[in-house]
Amino acid sequence: MSGIAVSDTPGRGRARRGGGGGPWWAPARTGFAGLALLAAAVVPSASATTQPVPVPAAGTFAYVANGLAGSLSVIDTADNTVTSTIDVGDDPNGVAVSPDGSRVFVANRLSDTVSLVVPAAEAALSVPVGDNPVGVAVSPDGTRAYVTNTISNNMTVLAADAIPPSVIATVHVGTRPQDVAIAVNGTRAYVANLLDGTVAVVDTTDNTLLTTVPVGQLPQGVAASPDGTRVYVTNFGDGTLSVIETASNTVLSTVPLGNGTSPADVAVSRDGSRAYVADFGSDDVSVIDTAANPPAVIAAVPVGEEPLGVALTPDGSRAYVTSSMDNTVSVIDTATRTVTDTIGGFDIPLGVATATRGVGGAPTSLTLTEEHRGHGNGHGRDASGVRGERGPTLKARLTAGGRPLAGQSILFAGDSHVWCTETTDSRGRAACVVRGKQDDDACYTATFPGDGTHAPATATTCTERRGAVDGKR
């Protein structure tokens, strides 16, 4: 998704045309308190009730960043209903999903953070990156996330498979970087530099800038072809689409989209034969025949007002388009090139991404218990010996067919915040120690996302210590 900023004034927001003309915003920074496992004796909680909760479903989902609300909406594409809304950071822009659909990354422009969202647990945590992050992409193997920081003029490389994601490298890419795309083999990152009029080519094997490719005016969106031979770039300022040959890092052709189109984002079909461009200025989606020589526009599909983001379902049958001005998402049937559904209720929708979350059919069972220290003062030392407040210990056990299921990741969360991910041992058990003093009345959730063989499972435990002490239970 391209990084066009939204208004920071209270009330109704509006996408700004043109993007990064200058730092008109006042970024609000938020930090992330690191997670730590604490070594201490615990006793069972005075009062805890454990109950199963609905397990995460398999299927294809669209994830939409609500720029004004600071949240991520989850759309089940089976019936185009919003199944959940998860809080992230301030002014979320770009959205990307891991290949297995288990994790979503959201660039929060005004928080200077990236949120890692786990849809199965409806929980998120945020980590600091550079100034005004707007674009994000995940590597094909799911181990890296790439975040463009439009004021820092650089790209942050994160360990995407860690909790929390850690910063691996920072790469200077150009002036006002916007969207980023990763080559199908994972060895190159392509970044649109808004004010340079270039696309930066980064070698992801050593995180170095290889070269920059001149394109059109105010480049915004970037997408790589499935065969790795082409990169498509929307030029917001001159209403064109640049086609880059990756072997030579040169522009093969420039596709005119029309005056006033202001193309913001682009997505490429699975077979590489079509490109879909969200035209912010003309309120439509341009469909481009990329197999033609030269590539040409073959249709323009009207959508909502001021579309900013576009994403195709993995099977290529539908395109989801965010319309920032009328707070809708349009669903396009790519075969008929018509809008088949319009979903409302968003709050300045910006970035959008889709993914399929597949899980096996073997049933599993998950239990969760919560324990806390019996000393009452909530103070102790963490794993590094630093003295501070410690919370409860969460213990989960995962079984399949009554037998322990070892070597599986269990995600622990509470109050919509991810605490940690731990791997089950030979007895199917995993534990997470929550850092910091927690509310007397609190609920925690353990989630097994499922894998190719085993179905997902979720359990929650709620503690009411004060009620137990007062004899009110």
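Using a probe of 1.4 angstrom, how much of the accessible area of segment 105-190 is carbon and sulfur, in percent?
Heavy-atom surface of segment 105-190 belonging to carbon and sulfur, 1.4 Å probe: 45 percent.
How much of the pair distance distribution for segment 186-250 lies past 16 Å, counting alpha-carbon pairs only, in percent? Walk me through the intermediate numbers first.
Working: 813 of 2080 pairs.
Taking all Cα-Cα pairs of segment 186-250, the fraction more than 16 Å apart is 39 percent.
Which of Thr424, Val434, Gly402 sits farthest toward the positive end of the charge dipole of segment 393-439, with +1 on the Cβ of Lys and Arg and -1 on the Cβ of Asp and Glu?
The residue sitting most towards the positive pole is Gly402.
List every residue whose amide H lies under 5 Å from the amide H of His172, counting only residues 5 or more places away in sequence or on a different chain, with H placed 1.01 Å from N in the peptide plane.
Met155
Thinking of segment 147-228 as a set of Cα atoms, what percent of all their pairs are more than 22 Å apart? All intermediate terms of the calculation are to be shown ahead of the outcome.
Details: 648 of 3321 pairs.
Beyond 22 Å sits 20 percent of the P(r) for segment 147-228.
Put one equal scatterer on each alpha carbon of segment 256-376, apply the Debye formula with no solvent term, and list log10 I(q)/I(0) at q = 0.11, 0.14, 0.18, 0.21 1/Å to two decimals.
Debye curve over Cα of segment 256-376, log10 I(q)/I(0) at q = 0.11, 0.14, 0.18, 0.21 Å⁻¹: -0.44, -0.60, -0.87, -1.12.
How long is the gain from Asn293 to Thr175 if the chain were fully straight, where each residue apart is worth 0.36 nm and the alpha carbon distance is subtracted? Walk me through the numbers before you get to the answer.
On the way: separation 118, 0.36 × 118 = 42.48 nm, distance 3.20 nm.
Value of the extension gain: 39.3 nm.
Listed highest first by mean packing, meaning other Cβ atoms within 10 Å per residue, what order do 325-335, 245-255, 99-109 come in?
Top of the packing list down: 99-109, 325-335, 245-255.
Starting at the first residue of segment 225-232, write each ³J(HN,Hα) from the Karplus equation 6.51 cos²θ - 1.76 cosθ + 1.60 with θ = phi - 60°, in whole Hz, x for Gly and Pro.
Whole-Hz 3J(HN,Hα) from phi for segment 225-232: 6, x, 8, x, 8, 9, 10, 10.
Between segment 125-171 and segment 179-206, what is the separation of their alpha carbon centroids in Å?
Segment 125-171 and segment 179-206 have Cα centres spaced 13 Å from each other.
Going highest first, how would you order 211-223, 195-207 by mean Cβ packing within 10 Å?
211-223, 195-207
Treat segment 242-298 as a sphere of radius equal to its Kirkwood radius over Cα pairs and apply Stokes-Einstein at 25 °C in a medium of 0.890 mPa s; give the translational diffusion coefficient in µm²/s, rounded to a whole number.
Details: Rh = 11.8 Å.
Value of D from the Cα-based Kirkwood radius: 208 µm²/s.
Put a dot 7 Å past each Cα toward the Cβ at Ala58 and Thr250; how far apart are the dots in nm?
4.8
At each listed q (0.13 Å⁻¹), what is the log10 of I(q)/I(0) that the Debye formula gives for segment 49-153 modelled as equal alpha-carbon point scatterers?
-0.46
What accessible surface, in Å², does a 1.4 Å probe find on Ser365, ignoring ligands, DNA and RNA and rounding to the nearest 10?
Ser365 exposes around 60 Å² with every protein chain in place.
Could you calculate the contour length gain from Asp315 to Val167, that is, 0.36 nm times the residue separation minus the distance between their Cα atoms, to one decimal place in nm?
Taking 0.36 nm per residue and subtracting the Cα distance, the gain is 50.0 nm.
The values are calculated or read from the model by the stated rules, or taken from the named source; none is laboratory data. This is a predicted model, so every value here is computed, not measured. Because the Cβ atoms are built from the backbone with ideal geometry, glycine has one as well, and the counts that use them run over all protein chains shown. Surface areas here come from the heavy atoms of the whole protein model, side chains and all, with no ligands, DNA or RNA. Shrake-Rupley method; radii C 1.70, N 1.55, O 1.52, S 1.80 Å.
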